[in-house]
Each structure stands twice: as C-alpha cells, then as structure tokens.
1. Where the accessible area of region 177-321 is counted over protein heavy atoms with a 1.4 Å probe, how much of it, in %, is carbon and sulfur?
2. With every protein chain kept in place and ligands, DNA and RNA left out, what is the accessible area per residue of the chain? Probe 1.4 Å, answer in Å².
3. If DNA, RNA and ligands are ignored and the probe is 1.4 Å, what is the ranking of Ser7, Ser401 by accessible area, most exposed first?
4. What number comes out for the charge environment of Met390, summing +1 per Lys or Arg and -1 per Asp or Glu over other residues with Cβ under 13 Å away?
5. Select from His272, His237, His117 the residue whose mean-square fluctuation is largest in a Gaussian network model of the chain (Cα-Cα springs shorter than 10 Å).
6. Ordered by residue, what ³J(HN,Hα) values in Hz, to whole numbers, does region 254-260 give under the Karplus form 6.51 cos²θ - 1.76 cosθ + 1.60, where θ = phi - 60° and Gly and Pro are x?
7. Find me the longest stretch of the chain that has none of the exposed chymotrypsin sites (Phe, Trp or Tyr not before Pro), where exposed means in a DSSP loop (not H, G, I, E or B) with at most 11 other Cβ atoms within 10 Å.
8. Considering the chain as a Gaussian network with a 10 Å cut-off on Cα pairs, which listed residue, Ser163, Ser415, Ser182, attains the greatest mean-square fluctuation?
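The values are calculated or read from the model by the stated rules, or taken from the named source; none is laboratory data. Since this is a predicted model, take the numbers as computed values, not measurements. Cβ coordinates were reconstructed from backbone atoms using ideal geometry, including for glycine residues, and neighbour counts include every protein chain displayed. Surface areas here come from the heavy atoms of the whole protein model, side chains and all, with no ligands, DNA or RNA. Shrake-Rupley method; radii C 1.70, N 1.55, O 1.52, S 1.80 Å.
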Amino acid sequence: MTQETLSIRNNSTGEEADFDLLKGTIGTPVIDVSSLNKKMGLFTYDPGFMSTSSCKSAITYIDGEQGILLYRGYPIDQLAEKCSFLEVAYLLMNGDLANTQQQQHFEHEIGQHAMLHEAMRSFIDGFHYDAHPMAMMVGIVGSLSAFYHSELDMNDPEHRRISAMRLLAKMPVMAAACYRHSIGYPFVYPRADLSYCENFLNMMFSLPSQKYIDKDNYIDPVAVKALNLLFILHADHEQNASTSTVRLASSTGANPYACIAAGIGALWGPAHGGANEAVLSMLEEIGTVDRIPEFIEKAKDKNDPFRLMGFGHRVYKNFDPRATIIRKACHEVLESMSGSDPLFDLALELEQYALKDDYFIEKKLYPNVDFYSGIIYKALNIPVDMFTVMFTIARTSGWVSHWLEMMAESGQRISRPRQIYTGNELRHL
Ligand code: CMC
C-alpha cells in the first residue's frame with residue numbers, strides 16, 4: 001500500500017513539500033511534521049496542543065464526538081461493570097486482561113510492595129498538619145526516588161516493571177498516611193489479606209471512626225464497590241496534561257518516581273484533577289437552587305474568571321461516557337449509604353439548567369466525570385481536600401502504563417518543543 005501524503009505550500013515563496021499521513025488503528029489521521037524544519041525551515045505553532053499528537057500509544061482511545069472511551073480496546077462501561085480496579089490496572093500495564101493465575105500473582109505482588117519504608121513516616125511527620133494532601137503527595141512520591149535510586153537500572157525491563165508495581169502498590173498507603181497525619185491519627189499499615197479498595201478504606205478509617213470497618217472486620221461492600229468504580233473511571237485518559245507531564249519528564253531519563261511526582265503536580269490544577277474538589281466548593285457556594293441562574297450568568301460572563309466546574313472537556317464534545325456511568329452510580333450509592341444528599345439534588349438541577357442554556361449548547365459543554373465524582377467521595381466520608389488524591393491513586397495505573405510503554409520504545413528522544421520568540425532583538429549594554 002502506498003503511503004498517503006499531504007502537501008504543505010508556502011504561499012509567499014511557492015515552496016512545497018510532502019508529508020506522510022499517519023493512521024492509527026482507529027481515529028483521526030495525523031500529519032507527520034517531524035521533518036518540516038528540515039524540508040521547509042519552519043516550525044509549527046500549537047499552544048495547548050489543540051491539533052498535535054505528541055506520541056504513538058496503544059493504551060487508551062477516546063472518540064470525543066461519539067463519547068467513546070476504550071482501555072486497550074475494551075469499552076469503559078464494560079470494564080466498569082465487570083472488572084476490579086486491579087484487573088483494569090493489569091490490563092493497562094500489560095495490554096491484555098490477566099488469566100486467573102496471572103491476576104492472583106499480580107495482586108500478591110501489589111500486596112508485597114505496599115509497605116512503606118519506616119523512614120517515610122518521619123518524612124510525612126515533617127509536614128504541617130494542615131498541609132494540602134496533594135502537596136504532601138508531590139513530596140512523598142518524589143521522595144521515593146531517594147529510597148529506590150541506586151538499585152534502578154532503567155534499561156532493564158524488569159527493574160522498570162518493579163518501579164511501576166511499587167508506585168501502584170504504595171500510592172493508596174501514602175494517600176491514607178497523608179490523611180491520618182492531617183487529623184493526627186496513627187498510621188495504619190497495609191494488610192495483605194484485603195483487596196486494594198478494602199485496604200485503602202481500612203487504612204483511612206479503621207479505629208477512629210469505624211465508619212466502614214466494624215469490630216468483626218466487616219468493610220462495607222457498597223463503599224468498596226463505589227471506590228472500585230471511581231478508580232476504574234479515573235485510571236487512564238490518554239495524553240491528558242498529567243500523563244503528558246509524566247512522559248515529558250520521563251523523556252529526559254529521569255527517575256520514574258520523580259516523573260510521577262511531576263504528574264501529580266500537573267493533576268492538582270482545577271482545570272484537570274483538581275476539578276472534583278472545585279465542584280464541591282462551587283456547589284457549596286451556590287447553596288440553593290434559586291441561586292443557579294446567577295452562577296450560570298457568571299460562568300457565561302467573559303469578564304468573570306468563574307467557570308462552571310465539572311463542565312466542559314478538551315476532547316468530549318457530546319458527552320463524557322464516564323459521567324454517564326458515575327451519575328447512575330451516585331443514585332445507587334446515595335440511596336444505599338445516606339439516603340440522599342442536598343448537594344447531589346443541587347448538582348442535578350444545575351446540570352439540567354446548564355444543558356438547556358444556549359451558551360453551553362453552542363460551546364458543547366457537558367458535565368464531565370468530575371461533576372459527580374465528588375458527590376460519591378463525600379458520601380464515602382472522604383474529605384474534600386482528598387478528592388484529587390483519590391484521582392491520583394487511580395491515575396497512577398495510567399501514568400505507569402504510559403511510562404512503561406514509552407521506556408520500551410527504541411529511539412526515544414528528549415521532548416523539546418520550540419517557541420515563537422517575542423522578546424527584544426539583539427541589543428548591547
Ligand atoms: N464554564 C464556562 N465556560 C466554559 C467552561 C466552563 N466550565 N469550559 C469551557 N468554557 C468556554 C470557554 O470560556 C471558551 O469560550 P470562548 O470560546 O468564548 O473563549 C470555550 O468554552 C472553550 O473553552 P476552552 O477553555 O478553550 O476549552 P479547553 O478544551 O481548553 O478546556 C477544560 C477544557 C476542561 C479545561 C474547560 O472546559 C474547563 O476549564 N472546565 C472546568 C474545569 C473542569 O471541569 N475540569 C475537569 C476536566 S475532566 C477531568 C480530567 O480529565 O482532568
């Protein structure tokens with residue numbers, strides 16, 4: 001088959017050159033402009049990566065127009081219904097679902113890697129009690145590079161795999177440790193006999209509140225199921241800002257724990273993973289249904305920086321399939337755990353109001369996954385400032401999968417964008 005090409009013509013000079021059109025298994029064709037500078041002495045300009053593919057990847061596919069999200073080819077709704085988070089993590093990291101034996105081995109290994117070095121506890125103790133848990137997570141995850149540096153041979157696939165497993169295994173332990181530190185409660189060690197989500201709830205809530213864990217060690221299955229679902233929905237989302245940050249940092253050959261810490265920093269912002277926390281704050285600020293029109297007007301006002309948090313997405317221009325799943329789950333979780341939540345009722349009213357508004361219709365702004373995720377986390381008694389940390393735990397499975405994928409590629413190059421220089425021309429003192 002002949003390679004399809006596309007010509008770029010400089011209308012000022014008449015100069016023209018051909019560029020290959022690349023096609024993935026599915027999805028929009030891509031112009032390979034890597035030789036543009038060599039052929040035409042030009043660079044491309046695309047701030048915010050509105051039309052730019054930064055890599056090839058076989059992990060996740062999104063069709064924003066159709067509202068499709070596939071992990072390794074499987075639709076998100078099927079995975080959410082039939083799999084555990086660790087089954088999905090195995091799938092993302094390895095390309096296929098595990099058989100029973102492989103999955104058991106994987107989960108056993110996660111249990112083995114969950115323990116934190118005791119010295120990390122004094123590191124955590126160094127944070128002020130009211131530090132934001134995302135700030136603590138950036139520091140703690142970055143510090144793993146101090147604990148596991150000398151033994152790491154980045155050229156050895158097994159070393160890389162173990163680093164990825166460590167990150168996945170330790171993330172909920174570090175997250176729960178941050179929470180316990182913030183409320184002054186003692187650290188709870190991970191237990192190898194509990195599932196990933198049970199373990200997390202146990203490390204967060206055992207002893208002091210007994211919220212999910214009663215004296216017979218019973219952990220509420222509704223909470224476990226809800227957490228599992230949220231972790232699956234947040235596990236990966238192709239080249240989003242935090243994953244791209246992990247890839248960019250990794251392109252320098254940096255230690256993987258430092259690269260994931262960079263990703264956590266990128267996730268924290270309210271335009272990305274920080275949106276779930278921002279949605280709850282926004283709903284609390286709106287307070288009552290009668291104030292919805294006022295906030296919708298604020299969101300539409302060009303002179304007001306306020307945005308309707310949990311609305312809009314760079315890729316989804318029809319609906320976010322994760323939001324559809326999570327909206328349904330909100331009803332189920334609230335019914336079974338707390339009966340209702342006035343903030344969820346308010347969120348539903350706000351959603352309906354916005355969906356009928358011309359501004360939101362014209363700009364194709366729909367509720368995204370984080371419009372609802374905070375409602376479930378709140379029902380599970382997770383504090384609001386821990387919401388983005390929850391996202392971090394889940395997204396670690398995606399970050400490490402992308403890291404493994406890119407590190408296994410041959411001919412890796414450092415990521416180094418260009419710029420349009422707008423400063424002074426050469427001048428002298
Ligand atoms: N409320 C009001 N107006 C909005 C919103 C919003 N939530 N989102 C976008 N717009 C407007 C924006 O002002 C712009 O208008 P104009 O064309 O007149 O300048 C237009 O819609 C396009 O917006 P954009 O900022 O160019 O779109 P983007 O693709 O760069 O940004 C986004 C996507 C998610 C950052 C943005 O929609 C947003 O800030 N949403 C609120 C934060 C949020 O919920 N983030 C979570 C995303 S899902 C979790 C994740 O995967 O990270």
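1. Numbers: 3370 of 6080 Å².
Within region 177-321, the accessible surface is 55 percent carbon and sulfur.
2. Values: 21850 Å² over 429 residues.
Each residue of the chain exposes 51 Å² on average to a 1.4 Å probe.
3. Working: Ser7 65, Ser401 0 Å².
Final ranking, largest accessible area leading: Ser7, Ser401.
4. Values: positive: Lys378, Arg395; negative: Glu277, Asp370, Asp385.
Counting the neighbours of Met390, the net charge comes to -1.
5. His117
6. 5, 4, x, 5, 5, 5, 5
7. Values: sites that count: Tyr45, Tyr129, Tyr218, Tyr421.
Between exposed loop sites, the widest span is 219-420.
8. Most flexible of the set in this elastic network: Ser415.
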